[in-house]
Amino acid sequence: MNVAGIDKILEKCSISPTTYLGIVNFREEEERFFREKTHYRPRFKYPPIDFSPRSAIEELEKTLKYHENKFSGNIERLYENKLRELILIHHMLLSRGTPQFLEYSIEVYGKPSRACVKRAIKTVEENLFPAKEEKSLSPQEVVKMMEDELKRYELHKKGWKIQLDERDTVNVDSNKKVIQIPKNRKFSEREVKKLVVHEICCHVFRRCNGELQPFGIFKVGFPRYLKTEEGLAFYLESVYNVSFPRDICLRAAYVVAIDKMLNGHDFYTVWKELVELGINEHKAFLCTARVFRGGNENGGFTKDYVYFAGREEIKKLLRKGKREEKVKLLYVGKVNTENLKLCKKLMKEGVLIKPRYLPEVFA
């Protein structure tokens, strides 16, 4: 089966959902929440969707139907599952602001297991937030520092750029090759080092290595690759010693907030329960906002559990030995841990190209 035609469709229809789920009125709603507090449900606004999800769905479904019953090998089945996943992602965006958004989010990203939730609660209780760091670096300074890192690896020649953005969180859009930095907040030196490790040494490196491979799916991402992607990025923060206990606590808090949202707790109740666990009020608002964004007033977006669950998955994988070999396989592109055996087989057969970009600690 020739997948070159499908590669073009995947690249054309692949999107980063968080690009369209960044909360553009975060500060205003946070201020109003703390003014009114009791059971106020924030009304979040998002960037406009600048393409037609319906057209993308039609094209993806047409491709899926045309190749029906031809997805026989391991690679072909990955393509089939990726087409189905992208259809769900576009449906999810179409349902932004409705109860169906949460249903699609669970289909796309899954949800935390009971064991994961228990570990997350324990982590939050054990890693309370320390005193604040000094945040003296302006967004413009951060952009310059990140641009210097891109140049160090000659990634600017591949089209990668750093931009200031209205939203309050950092976002990477691999399809547009842009890392977006919030323009209304300051950063500490450690935070910038963490951004370099997380965004460039994981997300950008894996994308660039994927572009070297003969199959486009290594570039756009395997089905459900995100848990591996974010888990690896989070794991790298620890390896480079740029992750504080409060970073681990925050990612664990996402898991707790998702679990409570899925159990029917409203925005205020989830926020209050996080505060009762020891998380400061503003961090608790951030966690709750990330979980309730996208859907209606009942939530929500389940993606953010993948940081914590993915880190546990990567730690477990690399504890079992052959660390160097496994890391190189993780860096052949945007793959997931479930398909590392397939990647190893393709590497042995000379089908895949060895990763060119690796974090210095593994190079």
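The values are calculated or read from the model by the stated rules, or taken from the named source; none is laboratory data. This one's a predicted model, so the numbers in the text were calculated from it and none came from an experiment. Quick reminder, even Gly has a Cβ in these numbers, built from the backbone with ideal geometry, and neighbours come from all protein chains shown.
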Quiz prompt | Asn184, sole failed condition from (1) in a helix (DSSP H, G or I); (2) surrounded by fewer than 18 Cβ atoms within 10 Å (Cβ to Cβ) | solution = (1)
Self-check item: Filtered residue count, the stretch 201-230, keeping only those that are among the small types (Gly, Ala, Ser) and within 15 Å of Asn339 (Cβ to Cβ)
Solution: 2
Practice problem: Consider only pairs whose beta carbons are under 7 Å apart and that are at least six residues apart or on different chains; among these, list those whose first residue lies in the stretch 203-222 and is closer than 11 Å to Glu11 by Cβ and whose second residue is assigned to a helix (DSSP H, G or I) and among the aliphatic types (A, V, I, L, M). | Solution: Gly216/Leu10; Ile217/Leu10; Ile217/Leu78; Val220/Leu10
Quiz item: Pick from Leu262, Leu226: which is under 24 Å from Ile89 (Cα atoms), surrounded by fewer than 23 Cβ atoms within 10 Å (Cβ to Cβ) and under 18 Å from the mean Cα position of the chain (by Cα)?
Solution: Leu226
Self-check item: Residue tally, condition in a helix (DSSP H, G or I), polar (S, T, N, Q) and in contact with an Asp or Glu (Cβ under 9 Å, 6 or more places away or on another chain), over the stretch 249-307
Solution: 0
Quiz item: Mind checking which residues of the stretch 4-35 are among the β-branched types (Val, Ile, Thr), in contact with a helix residue (DSSP H, G or I) (Cβ under 8 Å, 6 or more places away or on another chain) and part of a helix (DSSP H, G or I)?
Solution: Ile6, Ile9
Quiz item: So how many residues does the stretch 71-104 have that are assigned to a loop (DSSP other than H, G, I, E, B), over 30 Å from Lys45 (Cα atoms) and in contact with a helix residue (DSSP H, G or I) (Cβ under 7 Å, 6 or more places away or on another chain)?
Solution: 1
Self-check item: Pairs with Cβ under 8 Å, 6+ apart, first in the stretch 243-263 and in contact (Cβ under 8 Å) with a residue 12 or more places away in the chain and among the β-branched types (Val, Ile, Thr), second buried (at least 21 other Cβ atoms within 10 Å of the Cβ) and outside any helix (DSSP H, G or I)
Solution: Val255/Pro112; Val255/Asp304; Ile258/Pro112; Ile258/Gly300; Ile258/Thr302; Ile258/Asp304
Exercise. Starting from residues that are among the polar types (S, T, N, Q) and not in a loop (DSSP other than H, G, I, E, B), keep the ones in the stretch 49-69 and report whichever is nearest to Glu85 (Cα to Cα).
Key: Thr63
Self-check item: In the stretch 201-218, the residues that are out of contact with any Lys or Arg (no Cβ under 7 Å at 6 or more places or on another chain), buried (at least 22 other Cβ atoms within 10 Å of the Cβ) and within 21 Å of Tyr20 (Cα to Cα)
Solution: Val204
Self-check item: Criterion violated by Lys334 - all others in (1) assigned to a helix (DSSP H, G or I); (2) at pLDDT 95 or above; (3) under 26 Å from Thr19 (Cα atoms) satisfied
Solution: (1)
Quiz item: Here is a list of conditions, (1) crowded, with 23+ Cβ neighbours inside 10 Å; (2) hydrophobic (A, V, I, L, M, F, W, C); (3) modelled with pLDDT under 95, and Leu277 meets all of them except one; can you say which number that is?
Solution: (1)
Quiz prompt | Count - residues of the stretch 339-359 that are in contact (Cβ under 8 Å) with a residue 40 or more places away in the chain and either loosely packed, with under 13 Cβ neighbours inside 10 Å or closer than 24 Å to Val239 by Cα (or both) | solution = 6
Quiz prompt | Tally of residues being under 25 Å from Asp173 (Cβ atoms), of a type outside the set (Phe, Trp, Tyr) and in contact (Cβ under 8 Å) with a residue 40 or more places away in the chain across the stretch 9-46 | solution = 19
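Quick grid of which residues meet (1) more than 22 Å from the chain's Cα centre (by Cα); (2) not acidic (Asp, Glu):
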| position | (1), (2) |
| --- | --- |
| Gly5 | yes, yes |
| Leu21 | no, yes |
| Glu31 | yes, no |
| Ser55 | yes, yes |
| His91 | no, yes |
Quiz item: Can you tell me which residues in the stretch 30-51 are surrounded by 12 or more Cβ atoms within 10 Å (Cβ to Cβ) and within 30 Å of Ala4 (Cα to Cα)?
Solution: Ile49, Phe51
Exercise. May I ask you to verify whether Leu232 is buried (at least 23 other Cβ atoms within 10 Å of the Cβ), closer than 27 Å to Lys111 by Cβ and under 15 Å from the mean Cα position of the chain (by Cα)?
Key: yes
Practice problem: Inspect all residues belonging to the stretch 192-201 and state whether any of them is within 20 Å of Glu11 (Cα to Cα) and assigned to a helix (DSSP H, G or I). | Solution: no
